[in-house]
Amino acid sequence: MRLCHNKRWWWISFLLVMLVTVFWSLSIGVVETPWSSILMPGSEKSRGQLPAHINTIIFEIRLPRVLLALVVGAILANSGALLQGLLRNPLADPGVLGISSGSAVGAALAMLILNQLFPSVAITLGSLLVPCFAFLGGTLATWVVYRLGVTIWGISVPTMLLAGVAISSMAMAALAAINYLADDLTLRSFMYWQLGQLSGAQWWAVSTCLAVLVLQVLLIPWLGQGLNALLLGEQEAGYLGVPVEKLKRTVICVASLGVGVAVAAVGIVAFVGLVVPHIVRQCAGPNHQTLLPAVTLGGAWLLLIADTLSRWLLAPLELPIGIVTALIGAPVFIWLLIQQRQRMVS
């Protein structure tokens, strides 16, 4: 059933499910917190009635973590859907095209420079330099892949995918070199960061990622219309009045910016930008003006579920978020490939 057939009820149901998931995530952890504490109004007076440790856990530790999971998941899924629409290939995503790896190299390089050369100001400058370096790394990787994939006949998707694999391999080698040069403390931080983590979420990360997400959402009407026209082909989209080159540059910049700040905030999180658009497209159809908002919400919910499971499955231990998304995403992606193969055979 297409999303548009029951649009209103679909949105209401999904938002209710997401709200329940938020409360469940806020209550899960080493210290179990009752829902009554979470549902209390957020005024200073009512918050003061909570025990001090419960108040700290809910509003200073778990709340920014939940919000960061929602925002980063939305950004990654939206970026994946944009790249799939631009390349007209459902296998395209920030990880496959090397954007995530390039962003990781940029962020890791910034962390190494700050921790090794400027340890006294590492915390102060880290919130500024790490996202900037991650964005530059992701943008450089995207530009290289894009230039290698462009021919006189247009974009060669297989070439871009192969270029993405090559860029990812080079980025992994660069990350290994950075790990080799780092001291023990920095190396341990790198390892946790590369696996993806939401623990220790900071409000600066939430606000930075939220600003990028707002930009992506505001561009959905224009990008959705352009990507719909691009499904017909670049020449046909140009005949319809779509500025194709401007659309390409905008999609690449927006996706790179989103992946850059997401990687800087939580590390490498796999499969969100690949699997969520696949799943949502089965319900919402190929119309990007409907698909992009649905994908944004779906990515937010998936990463929140993954983060909650990472804290709940092996409690009191915590799995890195990248491992959980891979465990969820890989089987789902294999199932989608099997479904697609069966449809092609039939």
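Report, by residue number, each residue of segment 178-190 that is loosely packed, with under 14 Cβ neighbours inside 10 Å and either in contact (Cβ under 8 Å) with a residue 24 or more places away in the chain or of a type outside the set (Asp, Glu) (or both).
Tyr180, Leu181, Asp183, Leu185, Arg188
Each row is one residue, and each column tells you yes or no for (1) in contact with a Leu (Cβ under 7 Å, 6 or more places away or on another chain); (2) within 26 Å of Ser101 (Cα to Cα); (3) not aromatic (Phe, Trp, Tyr).
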{"residue": "Asn287", "(1), (2), (3)": "no, no, yes"}
{"residue": "Ala306", "(1), (2), (3)": "no, yes, yes"}
{"residue": "Arg311", "(1), (2), (3)": "no, yes, yes"}
{"residue": "Ile321", "(1), (2), (3)": "yes, yes, yes"}
{"residue": "Val324", "(1), (2), (3)": "yes, yes, yes"}
{"residue": "Leu336", "(1), (2), (3)": "no, yes, yes"}
{"residue": "Arg341", "(1), (2), (3)": "no, no, yes"}
{"residue": "Val345", "(1), (2), (3)": "no, no, yes"}
Task: Among the residues listed as Ile268, Ile323, Ile252, Ile338, the single one being over 19 Å from the mean Cα position of the chain (by Cα), over 22 Å from Met18 (Cβ atoms) and among the aliphatic types (A, V, I, L, M) - done: Ile338
Task: Conditions (1) closer than 30 Å to Trp193 by Cβ; (2) modelled with pLDDT under 90: number failed by Lys246 - done: (1)
- [ ] Among the residues of segment 299-308, count how many are surrounded by 24 or more Cβ atoms within 10 Å (Cβ to Cβ) and either of a type in the set (Ser, Thr, Tyr) or closer than 14 Å to Leu213 by Cα (or both).
- [x] 2
- [ ] Give, as residue ranges, the helices (runs of 4 or more DSSP H) completely inside segment 220-317 that count at least 2 residues that are farther than 24 Å from Pro64 by Cβ and of a type in the set (S, T, N, Q).
- [x] 244-266, 288-312
Open item on the list: I'm checking my understanding of the structure. Among residues of segment 161-217 that are outside any helix (DSSP H, G or I) and among the small types (Gly, Ala, Ser), which one is nearest to the chain's Cα centre (by Cα)?
Closed with: Gly196
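Do you know which residues across segment 320-345 are without any contact (Cβ under 8 Å) to a residue 40 or more places away in the chain, among the β-branched types (Val, Ile, Thr) and surrounded by fewer than 16 Cβ atoms within 10 Å (Cβ to Cβ)?
Ile334, Ile338, Val345
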- [ ] Return yes or no: is Ala265 modelled with pLDDT under 95 and either touching a Cys at 6+ places or on another chain (Cβ under 7 Å) or of a type in the set (Lys, Arg) (or both)?
- [x] yes
Task: Unique residue being crowded, with 19+ Cβ neighbours inside 10 Å, under 19 Å from Ile75 (Cα atoms) and not polar (S, T, N, Q) when the list is Ala237, Ala262, Ala229 - done: Ala262
Open item on the list: With the requirement that a residue be at pLDDT 75 or above and either outside any helix (DSSP H, G or I) or over 16 Å from Leu187 (Cα atoms) (or both), what does segment 98-129 give you?
Closed with: Gly98, Ile99, Ser100, Ser101, Gly102, Ser103, Leu129
TODO: State all residues of segment 178-199 that are out of contact with any helix residue (DSSP H, G or I) (no Cβ under 8 Å at 6 or more places or on another chain) and closer than 24 Å to Gly29 by Cα; if no residue qualifies, say none.
DONE: Arg188, Tyr192
Open item on the list: For the structure I just gave you, tell me whether Val144 is crowded, with 17+ Cβ neighbours inside 10 Å, among the hydrophobic types (A, V, I, L, M, F, W, C), at pLDDT 85 or above and not in a strand (DSSP E or B).
Closed with: yes
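Each row is one residue, and each column tells you yes or no for (1) under 21 Å from Leu302 (Cα atoms); (2) out of contact with any Ser or Thr (no Cβ under 8 Å at 6 or more places or on another chain); (3) at pLDDT 70 or above.
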residue	(1), (2), (3)
Leu15	yes, yes, yes
Thr21	yes, no, yes
Ser25	yes, no, yes
Glu32	no, yes, no
Ser36	no, yes, no
Glu44	no, yes, no
Gln49	no, yes, no
Asn55	no, yes, yes
Glu60	no, yes, yes
Task: Filter result for the condition that a residue is at pLDDT 90 or above, within 17 Å of the chain's Cα centre (by Cα) and buried (at least 20 other Cβ atoms within 10 Å of the Cβ), over Leu274, Leu292 - done: Leu292
Task: Test set (1) surrounded by fewer than 18 Cβ atoms within 10 Å (Cβ to Cβ); (2) free of Cβ contacts under 8 Å to residues at least 12 places away in the same chain - Val165 fails condition number - done: (2)
Task: Cβ pairs under 6 Å, 6+ apart, first in segment 106-122 and within 16 Å of Val263 (Cβ to Cβ) and among the aromatic types (Phe, Trp, Tyr), second modelled with pLDDT of 75 or more and buried (at least 23 other Cβ atoms within 10 Å of the Cβ) - done: none
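The values are calculated or read from the model by the stated rules, or taken from the named source; none is laboratory data. Because the structure is predicted, anything quoted here is derived from the model rather than measured. Every residue, glycine among them, receives a Cβ derived from its backbone with ideal geometry; neighbour counts consider all protein chains shown.
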